[in-house]
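Student: I have a structure I would like to understand better, so I am pasting it below and will then ask my questions one at a time.
The values are calculated or read from the model by the stated rules, or taken from the named source; none is laboratory data. Nothing here was measured: the structure is a model prediction, and the numbers come from that model. Virtual Cβ from ideal backbone geometry, glycine too; neighbours counted across all protein chains shown. The area values use the complete protein model at the heavy-atom level, side chains included, leaving out ligands, DNA and RNA. Shrake-Rupley method; radii C 1.70, N 1.55, O 1.52, S 1.80 Å.
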Amino acid sequence: MTYAIVFSSRTGNTKLLADTLLSTLPGEECIYWGEPSPEALKAEKLYVGFWTDKGTCDEGVANFLHQVTNQQVFLFGTAGFGGAPAYFDQILGRVEANLEGRGTVVGRFMCQGKMPQAVRDRYAAMEESPRRTAMLENFDRALSHPDQADLDALRAAL
Ligand SMILES: Cc1cc2nc3c(=O)[nH]c(=O)nc-3n(C[C@H](O)[C@H](O)[C@H](O)COP(=O)(O)O)c2cc1C
């Protein structure tokens, strides 16, 4: 079955997942790997990767999902906040809603992804509070992700 790997990645986390897919899936069936492009729509199966922007996928991926017709779709993404599967489910639900019932979702995967130091500096400048502490702890937990266990889990989800 022909497939395409389509993804948006500003700081490399989601690209790491896309690289893992490329090295795991059969190379001869891959017709496209790269940023959202109509060229990818020729594939029978679409692996669509996003970074989380305000609780949903980035705009480039949302626009791409609007163009899906009857392909199989595997969604994968990264988010700065991790630790709660329900949080990832919520994001994936919003991302999937861009399909409006088109295509067939055959798999979904998300993991945490590190954030830029400027984000930590912003948290650190906030007034001391339990929320500030939680955000700093989450930032530091995210620093190692996506890690090897995340990439293994992605392979297992295929
Ligand atoms: C403008 C902006 C908005 C973001 N919004 C969220 C968000 O709502 N929820 C979240 O968990 N992470 C959010 N993040 C964190 C990124 O989704 C996360 O670091 C992701 O792994 C980045 O992926 P990339 O390296 O592929 O660009 C945001 C990051 C940026 C820059």
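Student: Does E35 fit the bill of being within 22 Å of R102 (Cα to Cα) and open to solvent by 80 Å² or more (accessible area, probe 1.4 Å)?
Tutor: yes
Student: Out of all the residues in region 109-125, which are assigned to a helix (DSSP H, G or I) and near the ligand (Cβ under 9 Å from one of its atoms)?
Tutor: V119 - this is the single residue of region 109-125 that is assigned to a helix (DSSP H, G or I) and near the ligand (Cβ under 9 Å from one of its atoms).
Student: Residues T11, T56, T69, T20: which one is closer than 15 Å to A157 by Cβ and not acidic (D, E)?
Tutor: Details: T11 fails: closer than 15 Å to A157 by Cβ; T56 fails: closer than 15 Å to A157 by Cβ; T69 fails: closer than 15 Å to A157 by Cβ.
None of the others qualify; the one that does is T20.
Student: Which of the residues spanning region 29-69 are within 16 Å of the ligand (Cβ to nearest atom), closer than 17 Å to T104 by Cα and not in a helix (DSSP H, G or I)?
Tutor: Hits for region 29-69 are Y47, V48, G49.
Student: Report, by residue number, each residue of region 131-146 that is assigned to a helix (DSSP H, G or I), farther than 13 Å from V119 by Cα and not hydrophobic (A, V, I, L, M, F, W, C).
Tutor: Step one: filter region 131-146 for residues assigned to a helix (DSSP H, G or I), giving 131-142.
If we keep only those that are farther than 13 Å from V119 by Cα as well, we get 131, 133-134, 141.
R131, T133, R141, listed by residue number.
Student: May I ask you to list the residues in region 5-28 that are more than 9 Å from the ligand (Cβ to nearest atom), surrounded by 13 or more Cβ atoms within 10 Å (Cβ to Cβ) and not in a helix (DSSP H, G or I)?
Tutor: I5, V6, L25
Student: Continuing with the same structure: Can you go through E128, E96 and tell me which one is assigned to a helix (DSSP H, G or I), more than 14 Å from the ligand (Cβ to nearest atom) and open to solvent by 20 Å² or more (accessible area, probe 1.4 Å)?
Tutor: E96
Student: Which members of region 10-21 meet the condition of being without any contact (Cβ under 8 Å) to a residue 60 or more places away in the chain and touching an Asp or Glu at 6+ places or on another chain (Cβ under 9 Å)?
Tutor: R10
Student: Now a separate question. Criterion first (modelled with pLDDT of 95 or more, part of a helix (DSSP H, G or I), under 16 Å from N13 (Cβ atoms) and open to solvent by 40 Å² or more (accessible area, probe 1.4 Å)) does A149 satisfy it?
Tutor: yes
Student: On the basis of being acidic (D, E) and surrounded by 12 or more Cβ atoms within 10 Å (Cβ to Cβ), does D140 make the cut?
Tutor: Here the answer is no, as D140 does not meet what is asked.
Student: Looking at region 68-87 only, could you name the residues that are out of contact with any Gly (no Cβ under 8 Å at 6 or more places or on another chain) and surrounded by 14 or more Cβ atoms within 10 Å (Cβ to Cβ)?
Tutor: The answer is F81, G82, Y87.
Student: Looking at V48, V68, can you tell me which residue is in contact with a helix residue (DSSP H, G or I) (Cβ under 9 Å, 6 or more places away or on another chain), more than 23 Å from A149 (Cβ to Cβ) and modelled with pLDDT of 95 or more?
Tutor: V68
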